[in-house]
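Undergrad: Sharing a structure, written as structure tokens. Questions coming.
The values are calculated or read from the model by the stated rules, or taken from the named source; none is laboratory data. As the structure is a prediction and not an experimental result, all values here were calculated from the model. Neighbour counts run over all protein chains shown; Cβ positions are idealised from the backbone, glycine included. Only protein heavy atoms, including side chains, enter the accessible area calculation; ligands, DNA and RNA are left aside. Shrake-Rupley method; radii C 1.70, N 1.55, O 1.52, S 1.80 Å.
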Amino acid sequence: MNKIITTFIFLSVLFASSQADDTKKYGEEISLTEKTKISEIVANPQDFIGQKVLVEGTVVNVCEKRGCWIELSSDEEFESIRVKVQDGVIVFPMETKGKKAVVEGEVYSFDYETEVECNGSDCKKSAEKHDECENHKKEIKTIYQIRGIGAEI
């Protein structure tokens with residue numbers, strides 16, 4: 001019986017240490033030690049613009065074309081934040097999806113113009129009339145992301 005328990009403990013320690021070795025590093029070494037909750041950034045993104053942060057979450061999405069971004073789940077349900085890296089400097093493989101990640105980077109924002117769908121019947125006739133429709137609107141949306149410089153997944 002003691003041999004079984006000893007073997008079980010040995011295998012558990014061996015398995016746990018092999019899991020720790022599976023962590024892969026991307027980009028620069030992480031220098032920050034204090035983590036910021038993703039929910040705090042999402043709640044007050046303007047407070048974090050230009051700040052270097054260390055965040056942790058599960059990778060819920062990965063750029064399929066170049067591996068140039070990952071999306072991390074927040075500590076709050078239905079929240080996430082995108083971590084964008086410089087193309088080719090860091091490449092996140094698709095296999096990172098579903099894994100825990102710790103990422104260091106700088107919070108930034110950018111604006112983009114989007115069209116709000118028009119409900120008027122005139123809008124469906126032609127592209128020219130679509131721009132004239134009084135229900136046709138363009139909105140400027142602000143997106144907040146983290147410019148990733150280093151990650152451990």
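Undergrad: If we keep just the residues of segment 99-130 that are modelled with pLDDT of 95 or more and among the charged types (D, E, K, R), which is least open to solvent (accessible area, probe 1.4 Å)? Step through it out loud before you land on a result.
TA: Residues of segment 99-130 modelled with pLDDT of 95 or more: 99-111.
Cutting the leftovers down to among the charged types (D, E, K, R) gives us 99-100, 104, 106, 111.
Details: Lys99: 104, Lys100: 132, Glu104: 2, Glu106: 75, Asp111: 100 Å².
Among residues in segment 99-130 that are modelled with pLDDT of 95 or more and among the charged types (D, E, K, R), the one least open to solvent (accessible area, probe 1.4 Å) is Glu104.
Undergrad: Next up: For segment 45-86, which positions are assigned to a strand (DSSP E or B) and over 14 Å from Arg147 (Cβ atoms)?
TA: Step one: of segment 45-86, the residues assigned to a strand (DSSP E or B) are 52-62, 69-73, 80-84.
If the condition is that a residue be assigned to a strand (DSSP E or B) and over 14 Å from Arg147 (Cβ atoms), then Glu56, Gly57, Thr58, Val59, Val60, Asn61, Val62, Glu71, Ser73, Ser80 are the ones that fit.
Undergrad: Can I ask one more? Out of all the residues in segment 3-44, which are in a helix (DSSP H, G or I) and at pLDDT 85 or above? Reasoning before the result, please.
TA: Residues of segment 3-44 that are in a helix (DSSP H, G or I), as a first pass: 3-20, 38-43.
Hits for segment 3-44 are Ile38, Ser39, Glu40, Ile41, Val42, Ala43.
Undergrad: Pull up segment 77-118, narrow it to residues that are more than 13 Å from the chain's Cα centre (by Cα) and charged (D, E, K, R), then point me to the one that is farthest from Asp22 (Cα to Cα).
TA: The qualifying residue farthest from Asp22 (Cα to Cα) is Glu117.
Undergrad: Further question: Give segment 48-66 a look and list any residue that's within 18 Å of Gly27 (Cβ to Cβ) and of a type in the set (A, V, I, L, M), or say none.
TA: Once the filter is applied, which keeps residues that are within 18 Å of Gly27 (Cβ to Cβ) and of a type in the set (A, V, I, L, M), segment 48-66 yields Val53, Leu54, Val55, Val59, Val62.
Undergrad: Inspect all residues belonging to segment 71-78 and state whether any of them is open to solvent by less than 50 Å² (accessible area, probe 1.4 Å), touching a helix residue (DSSP H, G or I) at 6+ places or on another chain (Cβ under 7 Å) and among the small types (Gly, Ala, Ser).
TA: Initial filter on segment 71-78 (open to solvent by less than 50 Å² (accessible area, probe 1.4 Å)): 71-74.
Cutting the leftovers down to touching a helix residue (DSSP H, G or I) at 6+ places or on another chain (Cβ under 7 Å) gives us 72, 74.
Subset that is among the small types (Gly, Ala, Ser): 74.
The answer is yes, given that some residue of segment 71-78 is open to solvent by less than 50 Å² (accessible area, probe 1.4 Å), touching a helix residue (DSSP H, G or I) at 6+ places or on another chain (Cβ under 7 Å) and among the small types (Gly, Ala, Ser).
Undergrad: While we're looking at this one, here's another question. Looking at segment 87-117, which of its residues are part of a loop (DSSP other than H, G, I, E, B) and within 25 Å of Lys24 (Cα to Cα)? Walk me through it before giving the result.
TA: Restricting attention to segment 87-117, the residues satisfying the condition of being part of a loop (DSSP other than H, G, I, E, B) are 87-93, 97-99, 117.
Asp87, Gly88, Val89, Ile90, Val91, Phe92, Pro93, Lys97, Gly98, Lys99 - these are the residues of segment 87-117 that are part of a loop (DSSP other than H, G, I, E, B) and within 25 Å of Lys24 (Cα to Cα).
Undergrad: Please specify each residue of segment 31-48 satisfying the condition of being open to solvent by 80 Å² or more (accessible area, probe 1.4 Å) and closer than 15 Å to Leu72 by Cβ.
TA: Lys35, Lys37, Glu40
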